[in-house]
Amino acid sequence: MIYDSPHPPVDLPECSVWEKVWSNPRGARDDETAVIDGPTGRKLSRTELRSYAQRLAHGFRNTARLSPGDVVCLFSPNSLYYHMIVLSTQCAGLVFSGANAAYQPAELAHQLEDSSAKLLLVHPNTLECALTATSQLGWSTCDQTSRIILAVRSDEAGPAASRFKTLDYLISDKEMQPHKVADPKNTVAYLGYSSGTSGKAKGVRTSVYNMTSVLSILAPLKTYPHDVQLAVLPLNHIYGLTKLVHWPVLFGNPVVVMPRFELDALCTYVEKYKVTFLMLVPPIALHLARDPKVDRYDVSSLRMIISGAAPLGPELEKELADRLPKCTVVQAYGLTESSPTTHVAITPKRGSIGPLLPNMRSRILDPETGKDVPQGQQGEMLLAGPNIMLGYLNRPEANEETLVKDAEGTVWLRTGDIARVDEEGWFYIMDRLKELIKVKGFQVPPAELEATLLECPYVSDCAVIGLWVENEATEYPRAYVVLSPSGKKESDPCAAIQKWMQGKVAHYKQLKGGIKLVESVPKSPSGKLLRRILRDEAKKEMED
Ligand code: 4UW
């Protein structure tokens with residue numbers, strides 16, 4: 001059976017992202033604040049943001065000589081300039097690809113190479129990693145100085161300013177007239193990275209139309225002129241990119257930007273800037289629900305909290321709602337592959353991700369038989385709608401597996417999530433069929449960790465699974481390792497492997513779920529890893 005959204009359909013414009021974002025449906029004034037840097041309090045008004053973005057776009061096209069469709073990679077924590085850089089790529093007809101600021105060189109190198117990025121914008125704090133990554137890719141010193149630009153103004157660049165150009169070099173005197181997009185449905189605007197249902201991180205081709213559509217179908221989630229958002233989530237990830245970069249600019253709501261999560265800083269900004277709206281992931285929700293520190297701050301301005309990117313248990317959701325009785329606490333759901341939001345619980349229903357957003361459809365299929373299951377029973381969730389990605393970049397096999405066309409020509413995205421739908425059409429995520437591990441909302445593909453571990457001299461075989469840690473409201477990766485002969489010689493092989501992993505992958509991919517030494521890892525007769533067996537064992541072990 002096909003589930004339709006209970007919301008009336010909305011009109012979907014065929015325009016550029018730039019036109020949509022600046023369409024200003026609520027009539028915000030030009031001098032209203034668009035972005036606030038939490039730590040320094042520096043601000044950009046809507047006019048400043050728009051004008052700088054157009055001047056940067058002019059520089060991208062005329063100084064950096066980029067052409068429409070070229071990929072610009074931004075490797076930076078959240079900053080005052082994030083919105084400007086993202087929007088300038090859309091003004092210039094370029095493709096934006098944000099890299100996680102915690103990446104280690106090999107992870108960044110993968111994204112740069114896979115996306116064929118022409119230009120790399122880098123925060124001074126992540127410059128060292130970028131230089132290692134680009135030398136691994138064979139960029140000469142000359143390539144580095146011409147293709148790496150510091151993503152800050154010259155007076156903020158520190159010693160690196162003597163070797164590298166900054167945004168000031170690209171910000172032109174002239175504003176670019178926004179690039180016209182002839183075919184929004186088939187023009188790629190963003191390349192996020194996601195492992196999808198299996199394997200390593202793949203480039204997700206998000207079209208102009210995907211982004212303008214998702215901004216339109218979010219209609220049931222109302223914002224008000226007095227709303228203030230807080231960008232604590234990383235803006236490179238599709239959740240932050242849509243909900244904290246594009247959406248607030250569209251509705252004229254200021255966004256306070258913070259470079260990383262820290263509870264005191266979050267509460268300080270909520271109090272100081274009267275933040276009303278928070279997008280969170282479950283581990284941050286846990287801090288807000290339980291940490292006594294929160295009582296030291298006036299967080300009464302909060303009117304809405306949305307949690308997503310990983311499961312939030314109904315008890316924790318209720319605990320947070322009870323602590324903040326004036327604030328509505330709900331969940332939403334999305335994937336990089338659906339640009340991303342598909343479900344929002346506009347009003348609370350504990351444990352539910354809500355009904356489908358307008359213009360979205362879903363099916364729930366039995367993973368064994370591929371047949372639709374009756375309402376109320378669980379199965380793999382498939383989604384169709386205007387925000388489903390064009391496909392993975394250069395991965396025909398993964399596209400064939402993930403995007404399924406039905407007899408009517410509708411393209412369905414296989415989410416790899418197990419869900420059920422209740423009698424009112426509200427959805428619940430029950431489990432994950434795909435191999436993905438979510439650490440505090442960040443993607444950790446087990447296949448990628450296994451490939452890294454197999455390079456370790458102490459490891460001859462391995463399998464990685466996610467271990468749910470209740471008191472932190474997140475999973476952590478755990479490795480099952482068969483030691484190599486040299487691993488067996490180590491007095492503490494687990495510590496030696498953990499040490500070896502440092503610097504190989506981002507901090508959130510480290511094996512915080514531990515390492516278990518085993519004689520062999522379970523495999524099918526064809527040699528495919530059977531991670532589910534280990535997952536079931538680990539689940540039992542945690543329950544005991
Ligand atoms: N409950 C359980 C959830 C949930 C969930 C996601 O890294 P990606 O590709 O993308 C995201 C996007 C999260 C998101 C987007 C838009 C939005 O409005 C919102 O609201 C809160 C959240 O995380 O990972 C996608 C995978 O993350 C899991 C699920 O397994 C999904 O396939 N996931 N949201 N509420 N699990």
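Which ³J(HN,Hα) values in Hz, rounded to whole numbers, follow from the phi angles of segment 245-262 under the Karplus curve 6.51 cos²θ - 1.76 cosθ + 1.60, where θ = phi - 60° and Gly and Pro get x?
Result, rounded to whole Hz: 9, 6, 5, x, 5, 4, 9, x, 9, x, 10, 8, 9, 10, x, 7, 6, 7.
Take E315 and Q375, extend 7 Å from each Cα along the Cα→Cβ direction, and tell me the distance between the two endpoints in nm.
3.1
Greater than 22 Å separation of Cα atoms is the criterion. Which listed pairs, K118/K504; K274/K326; K434/K528; K438/K489, meet it?
Beyond 22 Å between Cα atoms: K118/K504; K438/K489.
Between K516 and residues 5 or more places away or on another chain, which pairs have amide H atoms under 5 Å apart, with H built 1.01 Å from N, and which residues are they?
Amide H neighbours of K516, under 5 Å, 5+ apart: A479, Y480, V481.
Where the centroid of each part is defined by its Cα atoms, how far is segment 99-151 from segment 272-319 in Å?
About 34 Å separates the Cα centre of segment 99-151 from the one of segment 272-319.
What are the residues whose amide H is under 5 Å from the amide H of V469, where those residues sit 5 or more places off or on another chain and H is modelled from the backbone?
Placed amide hydrogens put T474, E475, Y476 under 5 Å from V469.
If you place +1 on the Cβ of every Lys and Arg and -1 on the Cβ of every Asp and Glu, how big does the dipole about the Cα centre of the chain come out, in debye to the nearest 20?
I would put it at about 860 debye.
Run the numbers on segment 337-415 and let me know its relative contact order in percent, using alpha-carbon pairs under 8 Å that are six or more apart.
25
Multiply the residue gap between L137 and M542 by 0.36 nm, knock off their C-alpha separation, and tell me the result in nm, one decimal place.
Working: separation 405, 0.36 × 405 = 145.80 nm, distance 4.23 nm.
Contour length minus the Cα-Cα distance gives 141.6 nm.
Could you give the distance between the Cα centres of segment 35-54 and segment 197-255, to the whole Å?
18
For S484, which sequence-distant residues (separation of 5 or more, or a different chain) have an amide H within less than 5 Å of its own amide H, given hydrogens modelled in the peptide plane?
Placed amide hydrogens put V459, S460 under 5 Å from S484.
Among L511, S300, A495, pick out the residue whose Cα is farthest towards the positive end of the charge dipole of the chain, where Lys and Arg carry +1 and Asp and Glu carry -1 on C-beta, about the Cα centre.
S300
Roughly how many Å is it from the Cα centre of segment 344-366 to that of segment 373-438, as a whole number?
13
Of Q104, H287, Y239, which is farthest towards the positive pole of the chain's charge dipole, taken about the Cα centre with +1 and -1 on the beta-carbons of Lys, Arg and Asp, Glu respectively?
Checked the options; the winner is Q104.
For segment 518-524, just list the computed ³J(HN,Hα) in residue order, Karplus coefficients 6.51, -1.76 and 1.60, θ = phi - 60°, integers in Hz, with x standing in for Gly and Pro.
Each residue of segment 518-524 in turn: 9, 7, 7, 10, x, 9, 6 Hz.
Starting at the first residue of segment 272-281, write each ³J(HN,Hα) from the Karplus equation 6.51 cos²θ - 1.76 cosθ + 1.60 with θ = phi - 60°, in whole Hz, x for Gly and Pro.
Taking θ as phi minus 60°, the curve returns 5, 9, 6, 5, 10, 10, 10, 9, 10, 10 Hz for segment 272-281.
For E368 and R29 in one chain, what is 0.36 nm times their gap in residues minus the Cα-Cα distance, to one decimal in nm?
On the way: separation 339, 0.36 × 339 = 122.04 nm, distance 5.48 nm.
Contour length minus the Cα-Cα distance gives 116.6 nm.
What are the trypsin sites (Lys or Arg not before Pro) within segment 281-362 that DSSP puts in a loop, where the Cβ has at most 12 other Cβ atoms within 10 Å?
Here the trypsin sites (Lys or Arg not before Pro) that fit, given the DSSP loop and packing criteria, are K326.
Restricting to Cα pairs below 8 Å that are 6+ residues apart, what does the relative contact order work out to for segment 1-69? Please round to a whole percent. Numbers along the way, then the final one.
Values: 30 pairs, mean separation 11.1, N = 69.
Contact order relative to length: 16 percent.
Can you tell me, using C-alpha contacts under 8 Å and at least 6 residues apart, the relative contact order of the chain as a whole percent?
14
Tell me, what is the FRET efficiency for T410 and D155 to the nearest 0.05, using R0 = 45 angstrom and their Cβ-Cβ distance as r?
0.30
Stretched out fully, how many nm does the piece from K523 to V482 gain, at 0.36 nm a residue minus the Cα gap?
Values: separation 41, 0.36 × 41 = 14.76 nm, distance 1.32 nm.
Taking 0.36 nm per residue and subtracting the Cα distance, the gain is 13.4 nm.
In segment 466-536, what trypsin sites (Lys or Arg not before Pro) fall in a loop by DSSP, with at most 10 other Cβ atoms inside 10 Å?
Passing both the DSSP loop test and the Cβ count: K528.
Taking the Cβ-Cβ separation of N471 and R147 as r and a Förster radius of 30 Å, what is the calculated FRET efficiency to the nearest 0.05?
So the FRET efficiency works out to roughly 0.10.
At a Förster radius of 51 Å, what calculated FRET efficiency corresponds to the Cβ-Cβ distance of D422 and A182, to the nearest 0.05?
In this case the efficiency is close to 0.75.
Work from the charge dipole of the chain (Cβ charges, +1 for Lys and Arg, -1 for Asp and Glu, about the Cα centre) and give the residue of Y333, T402, A265 farthest towards its positive end.
A265
The numbers here are math on the coordinates, done by the rules we state, and not lab data. What you see is a predicted model; the values in this text were computed from it and never measured. When we count neighbours, we look across all protein chains shown, and the Cβ atoms used for this are built from the backbone with ideal geometry, even at glycine.
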